[in-house]
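Participant: My questions will all concern the structure given below.
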């Protein structure tokens, strides 16, 4: 597989995703906080974005079920785990708390680097530090076993 054919789909997907986040206003932390403020000045924009994502994924899952192999790959890489372990639950809780406080999650934060780097940079730096800490922690855990 050529390098262009390998890199083009993720690049195009990332650009489309970033543009969608920007157009929908999800790079604005106030939109997310407004969605979470259900007893105040509630902003339903994020709900519409989520509904749109669910519709797109429902169509994608149906299409994938009928395909023998992906268009730009040899095999599908689908999740095979269905259990809920403590790492997943704790990670989801930390993600949700951080998302509620900052009004950003990784996708919108990366997209925001192009629009308002000074506002997004502290979040992205903290996110990268957390990812590094997790990697170091897991490597130590694996080396002990």
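Each reported figure results from applying straightforward, stated rules to the coordinates on display, with no laboratory input. Since the model is a prediction, treat every value here as computed from it, not as a measurement. Positions of Cβ are backbone-derived with ideal geometry, glycine not excepted, and every protein chain shown enters the neighbour counts.
Participant: I'd like the distance between the alpha-carbon centres of the stretch 1-54 and the stretch 88-112, rounded to an integer number of Å.
Facilitator: 13 Å
Participant: Per DSSP helix of 4 or more residues, -39500 (n - 2.57); summed, then divided by the residues of the chain. What does that give at 222 nm, rounded to the nearest 500?
Facilitator: The helix-only estimate for the chain comes to -25000 deg cm²/dmol at 222 nm.
Participant: Tell me, in nm to one decimal, what length is gained between residue 74 and residue 22 on full extension, where the rule is 0.36 nm per residue of separation less the Cα-Cα distance?
Facilitator: Value of the extension gain: 15.5 nm.
Participant: Would you please calculate the Kirkwood hydrodynamic radius of the chain over all C-alpha pairs and express it in Å, rounded to one decimal? Intermediate values should be presented prior to the final figure.
Facilitator: Details: mean 1/r = 0.0552 Å⁻¹.
The Cα-based Kirkwood calculation yields 18.1 Å.
Participant: For the residue pair residue 118 and residue 88, what label-to-label distance in nm results when each label sits 7 Å from Cα along the Cα-to-beta-carbon direction?
Facilitator: Here the answer is 4.2 nm between the modelled labels.
Participant: Please work out how much length the chain gains when fully extended from residue 5 to residue 139, using 0.36 nm per residue of separation minus the C-alpha to C-alpha distance, in nm with one decimal.
Facilitator: Gain in length upon complete extension: 45.0 nm.
Participant: What is the gain in length, in nm to one decimal, between residue 30 and residue 128 on full extension, counting 0.36 nm per residue of separation less the C-alpha to C-alpha distance?
Facilitator: Taking residue 30 through residue 128 to full extension adds about 33.0 nm, to one decimal.
Participant: Just to verify a number: FRET efficiency for residue 62 and residue 15, C-beta to C-beta distance, R0 = 25 Å, to 0.05?
Facilitator: 0.55
Participant: Per q in 0.16, 0.25 1/Å, what log10 I(q)/I(0) does a Debye calculation on the alpha-carbon atoms of the stretch 1-60 return?
Facilitator: Log10 I(q)/I(0), no solvent term: -0.63, -1.02.
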